[in-house]
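Have a look at the structure below, then the notes.
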Amino acid sequence: YKCYHKHEGSCLTHHLHTAYSIRDGRDSVKDLVKRTSELGYKRFIPTDHASMASIYDTFKESEKYGIKGGIGCEFYIVESTEKPTASQPHITVIAQSDEGYKNMLKLSYLSAIKEDEGELEGFKGSYGYKPHITEQSLLHFQKGLIVGSGCRKSIINDHFLKGNNEKALLLLDLF
């Protein structure tokens, strides 16, 4: 549990999975919030893979410990022309406002429905092998969101590692 920005008792990890995270979550929100409090941090924002299911527990447990809860998600992401794969890259998204929270809900919705099951503001569902969003839908719904690279398997890092530096830098500039 790393803290990248520690200042006056605050902490924002940018990349934290709970038991609600698809594929690699382990620890309960309750245990993570307790540990956050023990370390003296004042903020807890999980970024579970393809899931926002930890929201209720995050706010319930954070309130018990006097910590400010936040909303995040590590979405699987593809370019609109790509079909999802078993090892598709990620992008970490954190809501910084009410509008950001609403936009995260829209992205979560689009990631969970199939193309022929519905659309939202001109974007069709994109569910395939596993829930994912497209770069275009993230660009459209990015207002009120903090978008970060997250982990080694992020779409930005993926482009850097494949030598596609122009695309990686373009994504950094867009988000």
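The values are calculated or read from the model by the stated rules, or taken from the named source; none is laboratory data. Only a predicted model underlies this, so the values are computations on that prediction, with no experimental measurement involved. Cβ coordinates were reconstructed from backbone atoms using ideal geometry, including for glycine residues, and neighbour counts include every protein chain displayed. These accessible areas exclude ligands, DNA and RNA; they are computed on the full protein's heavy atoms, side chains included. Shrake-Rupley method; radii C 1.70, N 1.55, O 1.52, S 1.80 Å.
Miscellaneous remarks
- Selection status of Tyr65, buried (at least 20 other Cβ atoms within 10 Å of the Cβ) and in contact (Cβ under 8 Å) with a residue 24 or more places away in the chain: no
- Against the criterion of being outside any helix (DSSP H, G or I) and aliphatic (A, V, I, L, M), Ile156 does not qualify.
- Scanning the range 52-89 for residues that are modelled with pLDDT under 90, assigned to a loop (DSSP other than H, G, I, E, B) and closer than 24 Å to Gly144 by Cα yields a count of 3.
- Annotation note: of Glu99, Glu166, the sole residue that is surrounded by fewer than 16 Cβ atoms within 10 Å (Cβ to Cβ) and at pLDDT 95 or above is Glu99.
- From the list Ile71, Ile94, the one residue that fits, being free of Cβ contacts under 8 Å to residues at least 40 places away in the same chain, within 22 Å of Tyr41 (Cβ to Cβ) and buried (at least 18 other Cβ atoms within 10 Å of the Cβ), is Ile71.
Conditions (1) outside any strand (DSSP E or B); (2) more than 12 Å from the chain's Cα centre (by Cα); (3) under 20 Å from Leu16 (Cα atoms), marked per residue:
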residue	(1), (2), (3)
Leu107	yes, no, yes
Leu110	yes, yes, no
Asp116	yes, yes, no
Ser137	yes, yes, no
Lys143	yes, yes, no
Val147	no, no, yes
Gly150	yes, no, yes
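- Among the residues listed as Thr13, Thr47, Thr92, Thr18, the single one being under 17 Å from Gly148 (Cβ atoms), modelled with pLDDT of 90 or more, assigned to a loop (DSSP other than H, G, I, E, B) and not basic (Lys, Arg): Thr47
- When Arg152 is tested against (1) open to solvent by 80 Å² or more (accessible area, probe 1.4 Å); (2) touching a residue at least 24 places away in the same chain (Cβ under 8 Å), just one condition goes unmet, and that condition is (2).
- The C-beta contact set for the range 42-58 (first residue free of Cβ contacts under 8 Å to residues at least 24 places away in the same chain, second residue open to solvent by 20 Å² or more (accessible area, probe 1.4 Å), distance under 6 angstrom, 6+ apart or interchain) comprises Ile55/Ile71.
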